[in-house]
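Peer 1: Pasting a structure below so you can have a look.
Taken together, the values in this text are just the output of simple stated rules run on the coordinates, not laboratory data. It should be emphasised that the depicted structure is a prediction, and the values quoted were computed from it without experimental measurement. Every residue, glycine as well, gets a Cβ built from its backbone with ideal geometry; the counts of neighbours run over all protein chains shown.
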Amino acid sequence: MENLVEAILVGLLISDMTVLASSRVAGCIRVTAMQGLLLGVLTLLLQAEAMSLRVVLMAGIGMLLKGGVFPYLLARAGKEAGVQREVEPFVGYIGSVLLAVAMLVVAVWLGTRLPLQVHAGQTLVVPAAFMTMFTGLFLIVARRKALTQVVGFLVFENGIYAFGVATVGEVPALVELGVLLDAFVAVFVMGIAIYHINREFDHIDTDQLSSLKG
């Protein structure tokens with residue numbers, strides 16, 4: 001089982017690298033959906049010794065929302081807005097990959113320095129969670145398209161979710177559902193905003209919003 005957990009965590013890290021190196025918005029959305037499915041499986045594996053109906057429900061709801069509902073809403077918003085690629089990001093893709101390597105080094109260092117209780121033989125859990133959070137934050141600040149920034153928000157939330165599953169253990173269901181609800185509302189509102197911005201303007205580059213005057 002530990003090998004399977006490590007494989008999922010490696011897949012999570014690879015997905016972080018992929019979303020940073022990709023200019024195709026649809027591809028980034030699919031990678032985010034894959035992350036949601038991987039986190040659901042990770043939850044079941046890490047809680048295998050204390051498996052309960054609640055754990056299965058939380059994992060299932062997370063997989064449904066993160067792997068299905070959220071990506072669908074983003075893909076629909078992107079289709080309506082006509083967004084296919086992140087053409088001119090603030091940080092280029094080669095630079096993004098180089099920074100991703102640096103972020104991975106920092107994530108591994110934090111994983112070795114923080115006195116957190118993790119499952120034996122699963123030392124990659126915390127670095128993978130931090131790397132996913134760093135990736136989400138980087139997408140939010142380094143990309144121009146509002147849709148890509150929403151993807152960054154979801155990736156960041158995936159990192160928080162992975163960190164909580166790995167280190168906190170038993171979390172009240174109300175708290176978990178509250179986090180998922182916040183993410184759902186954010187994606188829903190941003191989808192509406194993207195649609196209206198695209199209807200009024202020729203693009204959804206957020207850096208152009210600073211030129212608007214009342």
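Peer 1: Going 7 Å from the Cα of residue 110 along its beta-carbon direction, which residues of region 131-161 have the amide nitrogen within less than 18 Å of the resulting point?
Peer 2: Correct set: 131-142, 152-161.
Peer 1: Sticking with this one: First check a/c for region 1-154, with a ≥ b ≥ c the square roots of the eigenvalues of its C-alpha gyration tensor; if it is under 1.5, answer rounded, and if not, answer prolate when a/b is larger than b/c or oblate otherwise.
Peer 2: Values: a/c = 2.69, a/b = 1.33, b/c = 2.02.
Oblate shape, in that a/c is at least 1.5 and b/c is the bigger or equal ratio.
Peer 1: Continuing with this model, one more query. Fewest first, what order do 25, 69 take by the number of other Cβ atoms within 10 Å? Can you show the working numbers first?
Peer 2: Working: 25 23, 69 18.
Lowest count first: 69, 25.
Peer 1: With labels modelled as points extended 7 Å from the Cα through the Cβ direction, what inter-label distance (nm, one decimal) is found for residue 18 paired with residue 97?
Peer 2: The modelled label-to-label distance comes out at 1.5 nm.
Peer 1: For 22, 15, 52, what ranking results if the residue with the fewest other Cβ atoms within 10 Å of its Cβ goes first? Intermediate results must be reported in sequence, preceding the final value.
Peer 2: On the way: 22 18, 15 23, 52 10.
So the residues, fewest neighbours to most, are 52, 22, 15.
Peer 1: Taking neighbour Cβ counts within 10 Å as the exposure measure, how do 56, 83 sort from fewest upward?
Peer 2: 56, 83
Peer 1: Right, here's the next one. Taking the Cβ of residue 10 as the center, what net charge do the other residues with Cβ under 13 Å away carry, scoring Lys and Arg +1 and Asp and Glu -1? Intermediate results must be reported in sequence, preceding the final value.
Peer 2: Numbers: positive: none; negative: 2, 6, 16.
Result for the neighbourhood of residue 10: -3.
Peer 1: How long is the gain from residue 84 to residue 56 if the chain were fully straight, where each residue apart is worth 0.36 nm and the alpha carbon distance is subtracted?
Peer 2: On the way: separation 28, 0.36 × 28 = 10.08 nm, distance 3.56 nm.
Taking 0.36 nm per residue and subtracting the Cα distance, the gain is 6.5 nm.
Peer 1: Just to be sure I understand the curve: with the Debye formula and one point per C-alpha of region 63-162, what is log10 I(q)/I(0) at q = 0.23 Å⁻¹?
Peer 2: Those come out to -1.19, one per q.
Peer 1: Starting from the 7 Å offset along Cα-to-Cβ, what nm value, one decimal, do you get for the label separation of residue 64 and residue 2?
Peer 2: If labels sit at residue 64 and residue 2, their model points lie 3.5 nm apart.
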